[in-house]
Amino acid sequence: MDISIIGSGYVGLVTGACFAEVGHNVICVDNDHRKVDALQKGKIPIYEPGLEEVVHRTVAAHRLRFTNSIEDGVDHSQIVFIAVPTPPQLDGSVDLTYIERVAREIAGVLKEYRVIVDKSTVPVKTGEKVAETIRRYNKAGVDFDVVSNPEFLREGCAVSDLMNPDRIVVGSNSDRALALMKKLYEPFMAPIMVTDINSAELIKHAANSFLALKISYINAISAICEASGADVEKVADGIGADKRIGRSFLNTGLGYGGSCFPKDIAAFIAISEHLGTPFTLLKEVQNINRAQRERFVKKIRDTLWVLRDKRICVWGLTFKPDTDDVRSSVAIDLVNDLLREGAIVQAYDPKGMQKVVELKLCKGALLMNSAIEATENAEALVIATEWSEFQDADFEQVSNRMHTPIIFDGRNLLDPATLKELGFRYYAIGRSSGA
Ligand code: UGA
């Protein structure tokens, strides 16, 4: 089938590449000329395992190409995806400016029937507005359908998530559009769940909120574990073994971050208030998430006492491992907390350093060339992101390099017994026996 995808960010680019991988002809459209130029030269603007290979392979097979022209995309495809950013506004609601603009631009070039699919994460009822906008701005009165098809891929394993989805949600009230969507997704051999447009939009916000709720739930339990002498890892295993609960997303840590959960939870709260049915539970999810990092910083302060002029090594800056994404990263917030208190921060991340520099985050932190170099003369080592490189580090060497062998493990990545044997004072989350 012939597909175009407007917006070549994380979701747009990975979706386009994977559609091409299964045999469709895909045009990825973006209004950023530099990005399109780079993509045309084979340069991938994000780090995502496996993506580069898929892009290179499908471009070489002439099934994937890049352009700046929406008209080019719309003219040469049966299905047009919208995958542009939906950034947050100050009050938590979503800025739908990009979606609205793309809807108008599609309307301006629409010459024959197309299925317009909203892939971006949007508040419920956005599809109605997109359809209304296209109808209003398409002077020729061309027939079209709007479909909601939310994406559930995770950064860091986006390609494999997209190639092996648990389910595909398609919100539509048109048999014609549904037939095309089913054909498009046939190669993925996953269950297709058909709903109305509003329900599909809600599924996305409800899914992300539920996952964030699970994380905040276990983080709240971690605080009770610390206060009572229990071990949160054992509690998570114990409750997670119940199939109704499940073990995934019960990993305690410094809290959730990234470009999705914080934004989507705020947006879901905003839309629920707008609809007159405030979702107050989610406010508590946000509070617990904030408190988790604050409690961790307090633990560092309680142990090291005054942080001013203390040399602290921080391993990990990305919002989670296997990505170079540092947007809304709790690790970055933590570094800034330490810097505010006057600490000298020596930070290292396997993939996120370039983005930290580009976005001018953690101003004042010393960005080091390697994990081991970052520990030089440090009075404490903080693990903020659970990269496997940190798990596999040579802790004897780390101990020799450090001024005082103290570890604050914000992701419960390491084995307390091994570190204790090596002479470390080790503090984790929700494990009172960690010290
Ligand atoms: C999330 C969802 O998992 C995807 O299904 C969704 O498609 C995506 O948002 C989106 O809306 O685009 P992502 O933000 O890439 O994906 O990352 P996750 O793996 O969900 O992690 C989010 C945050 O939660 C990270 O900061 C991670 O460290 C944290 N987390 C995750 C925990 O603290 N504990 C856990 O058990 C799991």
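The values are calculated or read from the model by the stated rules, or taken from the named source; none is laboratory data. Keep in mind it's a predicted model, so treat the numbers as computed, not measured. Virtual Cβ from ideal backbone geometry, glycine too; neighbours counted across all protein chains shown.
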Can you give me the number of residues within the stretch 175-223 that are more than 22 Å from residue 123 (Cα to Cα), surrounded by fewer than 21 Cβ atoms within 10 Å (Cβ to Cβ) and in the same structural domain as residue 237 (by TED's automatic domain parsing)? 4
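Would you mind finding the one in 44, 70, 106, 3 that is touching a helix residue (DSSP H, G or I) at 6+ places or on another chain (Cβ under 7 Å) and under 26 Å from residue 323 (Cα atoms)?
44
Check whether at least one residue in the stretch 273-296 is touching a strand residue (DSSP E or B) at 6+ places or on another chain (Cβ under 9 Å) and either under 26 Å from residue 230 (Cβ atoms) or surrounded by fewer than 18 Cβ atoms within 10 Å (Cβ to Cβ) (or both), and report yes or no. Lay out the reasoning, then the answer.
Start the filter on the stretch 273-296 by keeping residues that are touching a strand residue (DSSP E or B) at 6+ places or on another chain (Cβ under 9 Å), which leaves 296.
Then keep just the ones that are either under 26 Å from residue 230 (Cβ atoms) or surrounded by fewer than 18 Cβ atoms within 10 Å (Cβ to Cβ) (or both); that gives 296.
Looking for residues that are touching a strand residue (DSSP E or B) at 6+ places or on another chain (Cβ under 9 Å) and either under 26 Å from residue 230 (Cβ atoms) or surrounded by fewer than 18 Cβ atoms within 10 Å (Cβ to Cβ) (or both), one finds at least one in the stretch 273-296, hence yes.
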Taking the stretch 6-36, which residues are within 16 Å of the ligand (Cβ to nearest atom), within 16 Å of residue 58 (Cα to Cα) and either part of a loop (DSSP other than H, G, I, E, B) or not assigned by TED's automatic domain parsing to the domain that holds residue 85 (or both)? 8
Any residue at all in the stretch 160-174 that's among the hydroxyl-bearing types (Ser, Thr, Tyr), within 16 Å of the ligand (Cβ to nearest atom) and surrounded by fewer than 21 Cβ atoms within 10 Å (Cβ to Cβ)? yes
Could you go through the stretch 225-242 and let me know if any residue there is assigned by TED's automatic domain parsing to the domain that holds residue 264, more than 10 Å from the ligand (Cβ to nearest atom) and under 27 Å from residue 272 (Cβ atoms). no
What is the number of the single condition among (1) more than 9 Å from the ligand (Cβ to nearest atom); (2) under 18 Å from residue 412 (Cα atoms); (3) crowded, with 17+ Cβ neighbours inside 10 Å that residue 252 does not meet? (1)
Options 246, 257: the member that is within 27 Å of residue 411 (Cβ to Cβ), in contact with a Gly (Cβ under 8 Å, 6 or more places away or on another chain), at pLDDT 95 or above and within 16 Å of the ligand (Cβ to nearest atom): 246
Restricting attention to the stretch 37-61, report how many residues are among the hydroxyl-bearing types (Ser, Thr, Tyr) and part of a loop (DSSP other than H, G, I, E, B). 1
Out of the residues in the stretch 297-329 meeting the condition of being assigned to a loop (DSSP other than H, G, I, E, B) and of a type in the set (Asp, Glu), tell me which one is surrounded by the most Cβ atoms within 10 Å (Cβ to Cβ). 325
If a residue must be surrounded by 20 or more Cβ atoms within 10 Å (Cβ to Cβ) and either closer than 18 Å to residue 226 by Cα or among the β-branched types (Val, Ile, Thr) (or both), how many such residues does the stretch 401-412 contain? 7
Regarding residue 402, is this residue closer than 18 Å to residue 331 by Cα and either at pLDDT 95 or above or assigned by TED's automatic domain parsing to the domain that holds residue 320 (or both)? no
How many residues are more than 18 Å from residue 318 (Cβ to Cβ), aliphatic (A, V, I, L, M) and not in a helix (DSSP H, G or I) if we restrict to the stretch 246-282? 2
Kindly evaluate residue 305 against the criterion of being more than 18 Å from the chain's Cα centre (by Cα), farther than 14 Å from residue 359 by Cβ and within 16 Å of the ligand (Cβ to nearest atom). no
Just to be sure before I move on: is residue 375 crowded, with 22+ Cβ neighbours inside 10 Å, in contact with a Pro (Cβ under 9 Å, 6 or more places away or on another chain) and either closer than 28 Å to residue 222 by Cα or modelled with pLDDT of 95 or more (or both) in the structure I sent? no
Of all helices (runs of 4 or more DSSP H) completely enclosed by the stretch 66-149, which ones contain at least 2 residues that are modelled with pLDDT of 95 or more, over 24 Å from residue 1 (Cα atoms) and in the same structural domain as residue 24 (by TED's automatic domain parsing)? 97-109, 126-137
Across the stretch 150-159, what is the number of residues that are surrounded by 22 or more Cβ atoms within 10 Å (Cβ to Cβ) and either out of contact with any Ser or Thr (no Cβ under 8 Å at 6 or more places or on another chain) or assigned by TED's automatic domain parsing to the domain that holds residue 324 (or both)? 1
Take the stretch 175-204 and flag every residue that is more than 19 Å from residue 15 (Cβ to Cβ) and within 16 Å of the ligand (Cβ to nearest atom). 202
So residue 388 clears everything in (1) under 21 Å from the mean Cα position of the chain (by Cα); (2) more than 15 Å from the ligand (Cβ to nearest atom); (3) farther than 17 Å from residue 258 by Cα except one condition, right? Which one? (2)
